[in-house]
1. Can you name every residue in the stretch 215-229 that is farther than 21 Å from residue 247 by Cα, in contact with a helix residue (DSSP H, G or I) (Cβ under 8 Å, 6 or more places away or on another chain) and within 8 Å of the ligand (Cβ to nearest atom)?
2. Answer yes or no as to whether residue 97 is open to solvent by less than 60 Å² (accessible area, probe 1.4 Å) and farther than 30 Å from residue 262 by Cβ.
3. Quick one: residue 271 ticks every box in (1) within 9 Å of the ligand (Cβ to nearest atom); (2) surrounded by fewer than 20 Cβ atoms within 10 Å (Cβ to Cβ); (3) outside any strand (DSSP E or B) bar one, so which box is it?
4. For the stretch 207-225, name all the residues that are closer than 16 Å to residue 54 by Cα and either in a helix (DSSP H, G or I) or open to solvent by less than 10 Å² (accessible area, probe 1.4 Å) (or both).
5. Condition first: within 18 Å of residue 364 (Cβ to Cβ) and among the acidic types (Asp, Glu). Now tell me which residues in the stretch 402-435 satisfy that.
6. Would you please list the contacts, defined by Cβ atoms under 9 Å and residues six or more apart or on different chains, that run from a residue in the stretch 196-212 that is over 19 Å from residue 101 (Cα atoms) and within 10 Å of the ligand (Cβ to nearest atom) to a residue that is among the basic types (Lys, Arg) and open to solvent by less than 10 Å² (accessible area, probe 1.4 Å)?
7. Can you pull out every residue in the stretch 238-263 that is touching a Leu at 6+ places or on another chain (Cβ under 8 Å), closer than 19 Å to residue 226 by Cβ and crowded, with 17+ Cβ neighbours inside 10 Å?
8. Just to be sure before I move on: is residue 190 in a loop (DSSP other than H, G, I, E, B), more than 19 Å from the chain's Cα centre (by Cα) and either more than 16 Å from the ligand (Cβ to nearest atom) or polar (S, T, N, Q) (or both) in the structure I sent?
Amino acid sequence: MAETTRAATMEKIVALSKRRGFVFPGSEIYGGLANTWDFGPLGAELRNNIKQLWWRTFVQRRRDMVGLDGGILMHPRIWEASGHVVNFNDPLVDCKTCKARFRADHLIEEKLGVNAEGKTPDELTALLKDANLPCPKCGNRTLTDARQFNMMFRTTIGPVEETGVQVYLRPETAQAIFVQYKNIVNTGRVKLPFGIGQIGKSFRNEITPGNFIFRDIEFEQMEIEYFVRPDEAPELFETWIEAMWGWIDLIGINRDRVRVREHAREELSHYSNRTIDFEYDFPAPMGWKELYGLANRTDFDLSKHQEFSGEDLTYFDQPTGTRFLPHVIEPTFGVERTMLMIMLDAYDEEQTTDVNGKADTRVVLRLSPRVAPYKAAILPLAKKPELTEVAWSIFNQIEAETNYLVDYDETGNIGKRYRRADEIGTPFCVTVDFDTLEDNAVTVRDRNTMEQQRIPLDGIVAFLRERIG
Ligand code: GAP
């Protein structure tokens, strides 16, 4: 699709999300809580579809993968060993006048157009001083030097805060996998190379507000730690690039809007010797931004946990008769970024005419049926018992014979109901009309083409199965 015809903007997706019940601002009736969101009925379905598809694709369907569901709270030493206590920082500057706080690297990128990724606080401070940047909020030239701010949320276990044990809300799901790796190896079902997948919440005290659900303080990750023999790591890294492209195809994303970007040396996280980002071309002014990551974490984490815990985490490799710490390839996916990308990529507007012949805009979410919240909507043309009875029997039949979530809608005129179904991405509308009572058939309307065809009642499930899978 050419860039000039792109209809999606972030504002339109935010408005549609609220209007149709995908995403609501968090704690809204209390004035909101910055960077927090709640997922409404359709958002909850879309997220579940994404997570189930990911789990099925990467964990259940692969013979070399198993799953884990680790806790959010873990021993605080884990975050010392992983390097997060010392290294998991954002460089921040404060305004001495209005007390506003900003990410120094983001400010420099935005105002000076310089790539500031990976620069030290001193380097960032030098850039800020040279440019004598004013505070973006109050305009005074009173920004402090850049300093590091740890992004982990802290809380306390125990009834008395002062004497309790200080723990962290995990900033990534990965560490639970590393610390349970030995238990999983000991269950005896895995042999190198193998992966452990996990889906779960992570928390980061992000300062820069986040382009809707793109950057959140509470978000969900779908992560894989793939354990390999050290000499196999470069080759297996490449196979994961392909597997991640496969996922992007599976959820119906236009490949032209996705690219792979190799991290420069100075940009690499403290644990990685190679990282690539999958980036998505978000609507202006965002542009290309990180969607997913793929890192070669080497044996960094296992060796640190071995050192800090005192447990032997080596693996005995039967085929080679050697014992070593496996290296780890990590493909990581954010659920919120996936959801946002799916909605932006699927959003389209078509110029049409309404029932009175007036120019009108049809908003349509061209979601892949794999992730669409509802696979079909059952619509009796009028709220008459003879029609609603048939409509409910079709609804019940689809529910009984498939695992598709189906919508039932009998309110308002049929044109409005089609528009609602289009906007929430329902691939098919099944309309029961008065002819149905004569010919035992219904009209099935295709969301993308708006084409309608007559399908016999006893053929509806097969029709949907063929198109949805
Ligand atoms: N275990 C490696 C790791 O956590 P990361 O690049 O910091 O790496 C992985 O995060 C993915 O998690 C990102 O590619 C993104 O999809 C998602 N993610 C990270 N921070 C996020 C945030 N603040 N809000 C929403 N998603 C986020």
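1. Within the stretch 215-229, the first condition is being farther than 21 Å from residue 247 by Cα, and the residues that meet it are 215-218, 228-229.
Keeping just the survivors that are in contact with a helix residue (DSSP H, G or I) (Cβ under 8 Å, 6 or more places away or on another chain) gives 216, 228.
Result: 216, single match.
2. For residue 97, the condition - open to solvent by less than 60 Å² (accessible area, probe 1.4 Å) and farther than 30 Å from residue 262 by Cβ - is not met.
3. Of the numbered conditions (1) within 9 Å of the ligand (Cβ to nearest atom); (2) surrounded by fewer than 20 Cβ atoms within 10 Å (Cβ to Cβ); (3) outside any strand (DSSP E or B), the odd one out for residue 271 is (2).
4. 222, 223, 224, 225
5. Within the stretch 402-435, 407, 409, 422, 423 meet the criteria.
6. Pairs found: 202/170; 203/170.
7. Hits for the stretch 238-263 are 240, 244.
8. Yes, satisfied.
The values are calculated or read from the model by the stated rules, or taken from the named source; none is laboratory data. Since we're looking at a predicted model, the values are computed, not measured. A quick note on method: Cβ atoms are made from the backbone with ideal geometry, for glycine too, and the neighbour counts reach across all protein chains shown. Ligands, DNA and RNA are excluded from the accessible area calculation, which covers all protein heavy atoms including side chains. Shrake-Rupley method; radii C 1.70, N 1.55, O 1.52, S 1.80 Å.
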